[in-house]
Amino acid sequence: MWVVIVSITIKEKDEKLLAKTNTCAVHGVDGQLVEVEVDISPGVPRFNIVGLPDSSVQESRERVRAAIRNSGAEFPLRRITVSLAPADIKKTGPSYDLPIAIGILVCSGQIPDAVSKSLFLGELALDGKLRTTHGMLPMLREGKERGYDTAFVPRVNSKEASLVPGIDIRPVETLRQVVEYLRDEADLPSVQSGGIPDLDGIPAVRTGYDFRDVRGQEQAKRALEIAAAGNHNIVLMGAPGCGKTLLARCLPSILPPMTAEEALEVTTIYSVTGLLPSGSPLITHRPFRAPHYTISNAGLIGGGSIPRPGEVTLSHRGVLFLDELPEFGNATLETLRQPLEDRTVTISRARTSSTFPASFMLVGAMNPCPCGYHGDSQQPCTCGEPAVARYQRRISGPLIDRIDMFVDVPRVEYEKLITPPVEEGSASARERIMVAVQLQHERFQGSTVMSNALMGPVEVWDSCKMSDDAKSLLQSAMKHLRMSARSCHRVLKVARTIADLEQTPLIENHHLAEALMYRHKTSA
């Protein structure tokens, strides 16, 4: 009896033991490179993702599986392990879909391994289409700094991606397009990376509010012009209906244009938070944020298990307007002390710590008492002095000490209310402010100081040169008003801005006198 043994060899696809693709994550407002490793091995079909993925990353398994199949490729029925490195950083968001899918296709031999110098960013739909991805700008900047020359991004993010020069941007609509391009079966045109455009001559933001439409309140408008020119924190105090909120809402119409560096900082923040306007990849106007007084500490400063920016960061290089200032929680207001001093916010958690920029101009509006009519010329106050004192003490001394200007906004008289609008509006004030800002840029060139309000003690004494009359007035004020050294510096910063508006190199007597007028009446 003969026994014939037949050996049958089944030739499988040429599979790699390991494939690597590259993507980026967002940590705070900065990009961080993430390496996606894919291993396909024999065994019971499973799909595991390791490397501290959150639930949205874990769910990418089903999106990737469906997207590969619906793109005309084959999903391997084997044991698939995906590692996201570095493994000690929490991975969040759905932007890892595309690099995971490409890694699986490379590892299974369906596309060539020619992706070592490319970044893949994007969330996949079940049909293989790519969706919008937040944080594109900081991720591409990090990729460029790390030497990557090509980036595959969703087409809807292509305008934002083009702000990063020196990297080849390939806009993609579907996973199938990427696969065909990597197989040399189709072309994938790139977009021109132009960098940040020139922002000179950018007009003021149109908000519907203009100083021309504000009747009366010449002193308050003058104070806001000074505050905008020097980036000074300011509080408007007056009775209900006198125009405090309207004046604050006019502020965007006189703010100076941002520099290219400032625009890039603001755009990066709004890209990370998903607030970048569609069709407008670059934010060219200074932010104006006005949160309600019921906002939480985390909403104002930032927070969460994985720290996210708050309103102070969204106001970076712009204005944070707090209407009804004393109605904000005491603990909430006290959290402003550190960012007003350091111009940054650091949020620490057990696993991570994130630092967010927070260089903003604080504008507050408040009534003088609970009923709102303390000191009003027509309506009597019903609160009593103890209630008035308690109400005003809701703004603590340390916070008051960080505000440069306090302005009383009186009731508008009937004659001024019915007069036609004045000829001079926000446009004229903005021109004067732009001249003053240019003087500050020239004065502080080469330093980290960008405005008079940010001057430290050294810059104050170097830049705030006074006439003899102004020196005598300051000496008398410090003696009779019991001013501290910090109060003296604050007055000099405001006086320097007033002199800049007049294009005067020396601080004269009337500049200092006006600056003293904006002091808090009970501050030391």
Practice task
Report, by residue number, each residue of segment 128-137 that is surrounded by fewer than 24 Cβ atoms within 10 Å (Cβ to Cβ) and not in a loop (DSSP other than H, G, I, E, B).
Solution key: K129, R131
Completion exercise
Of the residues in segment 56-73, those that are closer than 13 Å to S95 by Cα and not in a loop (DSSP other than H, G, I, E, B) come to S56, V57, Q58, S60, R61, R63, V64
Exercise for the section: Kindly indicate which of V164, V172, V156 is aliphatic (A, V, I, L, M) and either free of Cβ contacts under 8 Å to residues at least 12 places away in the same chain or surrounded by fewer than 21 Cβ atoms within 10 Å (Cβ to Cβ) (or both). Expected result: V156
Handout entry: Residue that is nearest to the chain's Cα centre (by Cα), among those in segment 348-365 that are within 12 Å of R308 (Cα to Cα) and open to solvent by less than 10 Å² (accessible area, probe 1.4 Å)
Key = F356
Problem - Yes/no for L52 being surrounded by 24 or more Cβ atoms within 10 Å (Cβ to Cβ) and of a type outside the set (S, T, Y) - result: no
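For (1) among the small types (G, A, S); (2) touching a Gly at 6+ places or on another chain (Cβ under 7 Å); (3) closer than 22 Å to C242 by Cα, each residue gets a yes or a no:
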residue	(1), (2), (3)
T346	no, no, no
S353	yes, no, no
P357	no, no, no
I403	no, no, yes
D408	no, yes, yes
Q438	no, no, no
Problem - Answer from I269, I283 - the residue that is in contact with a helix residue (DSSP H, G or I) (Cβ under 7 Å, 6 or more places away or on another chain), open to solvent by less than 30 Å² (accessible area, probe 1.4 Å) and assigned to a loop (DSSP other than H, G, I, E, B) - result: I283
Exercise for the section: Being out of contact with any helix residue (DSSP H, G or I) (no Cβ under 8 Å at 6 or more places or on another chain) and open to solvent by 10 Å² or more (accessible area, probe 1.4 Å) is the filter here, so list the residues in segment 98-110 that pass it. Expected result: G109
Handout entry: Residues satisfying the stated conditions in segment 111-127, i.e. assigned to a loop (DSSP other than H, G, I, E, B) and either surrounded by 19 or more Cβ atoms within 10 Å (Cβ to Cβ) or among the small types (G, A, S) (or both)
Key = I111, A114, V115, S116, L121, G122, A125
Exercise for the section: Return yes when P368 is in contact with a Cys (Cβ under 9 Å, 6 or more places away or on another chain) and either crowded, with 16+ Cβ neighbours inside 10 Å or not β-branched (V, I, T) (or both) and no when it is not. Expected result: yes
Practice task
List every residue pair whose Cβ atoms sit under 9 Å apart, with the two residues 6 or more apart in sequence or on different chains, where the first one lies in segment 480-500 and is on the phi > 0 side of the Ramachandran plot and the second, anywhere, is outside any helix (DSSP H, G or I).
Solution key: R482/A524
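The values are calculated or read from the model by the stated rules, or taken from the named source; none is laboratory data. Treat the numbers as computed from the prediction; the structure is a model and nothing was measured. Virtual Cβ from ideal backbone geometry, glycine too; neighbours counted across all protein chains shown. Ligands, DNA and RNA are stripped out before the accessible areas are found, and what is left, the full protein with its side chains, is counted by its heavy atoms. Shrake-Rupley method; radii C 1.70, N 1.55, O 1.52, S 1.80 Å.
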